[in-house]
Amino acid sequence: MSSHQISVTINGEEHTREVEARLLLVHFIREELGLTGTHIGCDTTSCGACTVLLNGVPAKSCTVFAVAADGAEVTTVEGLGNGGLHPVQQGFTEKHGLQCGFCTPGMMLTSKALLEENPDPSEAEIRWGISGNLCRCTGYVNIVRAVQRASELMKENSDG
């Protein structure tokens with residue numbers, strides 16, 4: 001089996017490791033680094049539970065090889081708040097945007113990217129923006145409300 005040395009910045013910290021060419025990014029994050037907030041769901045990009053931000057763009061880490069992330073910046077749910085709650089986390093808390101929590105890390109990271117691209121999305125734009133992430137518990141109503149609340153909080157933070 002061939003191995004490669006990679007350097008990936010995850011949540012602001014650089015990690016250099018020797019990895020097998022076929023190691024998936026989700027396994028690198030969970031098993032090599034112990035960051036278990038990135039969940040493994042379907043392994044087929046259908047559910048979005050493994051979503052991380054790869055250079056700021058949502059990526060389903062169950063189908064990205066770790067070697068493809070060499071030199072990249074990755075944000076996982078553990079890096080979202082930087083010591084406090086990120087507005088997306090606060091929105092999900094205030095508006096009860098989760099039940100079992102399995103989809104929540106991927107949903108939050110996708111929502112963060114959406115709000116950075118579109119700070120004031122409509123309900124339809126939010127639903128479209130999170131459409132690659134499945135939730136079996138909530139019916140999405142509170143998730144949409146959580147993203148709307150996060151949008152408000154982000155605007156308040158940028159005004160002050």
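What pairs come out if I take residues in region 8-29 that are among the hydroxyl-bearing types (Ser, Thr, Tyr) and pair them with residues that are in a loop (DSSP other than H, G, I, E, B) whose C-beta lies under 9 Å away, six or more apart or interchain?
Matching pairs, first to second residue: Thr9/Gly71; Thr9/Ala72.
Residues that are within 19 Å of His15 (Cβ to Cβ): list the strands (runs of 3 or more DSSP E) wholly contained in region 40-81 that include at least 2 such residues.
51-54, 73-75
Exactly one condition in (1) among the charged types (D, E, K, R); (2) open to solvent by 60 Å² or more (accessible area, probe 1.4 Å); (3) within 21 Å of Asn55 (Cα to Cα) is false for Lys112; which is it?
(2)
Does Gly41 qualify as being in contact (Cβ under 8 Å) with a residue 60 or more places away in the chain and open to solvent by 10 Å² or more (accessible area, probe 1.4 Å)?
Details: in contact (Cβ under 8 Å) with a residue 60 or more places away in the chain: yes; open to solvent by 10 Å² or more (accessible area, probe 1.4 Å): yes.
Yes; evaluated as a whole, the condition is true for this residue.
Does Val88 satisfy the criteria of being more than 18 Å from Ile40 (Cβ to Cβ), open to solvent by 30 Å² or more (accessible area, probe 1.4 Å) and modelled with pLDDT of 95 or more?
No.
Quick check on region 5-15. Is at least one of its residues part of a loop (DSSP other than H, G, I, E, B) and either in the same structural domain as Gly129 (by TED's automatic domain parsing) or at negative phi (or both)?
No.
Just to check your reading of the model, which residue among Val19, Val52 is β-branched (Val, Ile, Thr), open to solvent by less than 30 Å² (accessible area, probe 1.4 Å), farther than 17 Å from Thr110 by Cβ and touching a Ser or Thr at 6+ places or on another chain (Cβ under 7 Å)?
Only one candidate qualifies: Val19.
Working only within region 55-84, note down all residues that are within 11 Å of the chain's Cα centre (by Cα) and either surrounded by fewer than 19 Cβ atoms within 10 Å (Cβ to Cβ) or more than 26 Å from Gln5 (Cα to Cα) (or both).
So in region 55-84, the residues within 11 Å of the chain's Cα centre (by Cα) come out as 56-61, 74-80.
Correct list: Gly56, Val57, Glu78, Leu80.
Test Ala124 against the stated conditions and say whether it is over 18 Å from Thr51 (Cα atoms) and modelled with pLDDT of 95 or more.
So Ala124 passes the test.
Check off (1) surrounded by 21 or more Cβ atoms within 10 Å (Cβ to Cβ); (2) over 17 Å from Thr9 (Cβ atoms) for Lys95 and give me the number that stays unchecked.
Result: Lys95 fails condition (1) only.
With a cut-off of at least 2 residues that are among the β-branched types (Val, Ile, Thr) and within 15 Å of the chain's Cα centre (by Cα), name the helices (runs of 4 or more DSSP H) lying wholly within region 85-144. Talk me through it step by step, then tell me what you get.
Numbers: elements: 87-94, 104-117, 123-129.
The helices (runs of 4 or more DSSP H) meeting that bar are 104-117.
The values are calculated or read from the model by the stated rules, or taken from the named source; none is laboratory data. A quick note: this is a predicted structure, and the numbers were derived from the prediction, not measured. Positions of Cβ are backbone-derived with ideal geometry, glycine not excepted, and every protein chain shown enters the neighbour counts. With ligands, DNA and RNA removed, areas are computed over all heavy atoms of the protein, side chains included. Shrake-Rupley method; radii C 1.70, N 1.55, O 1.52, S 1.80 Å.
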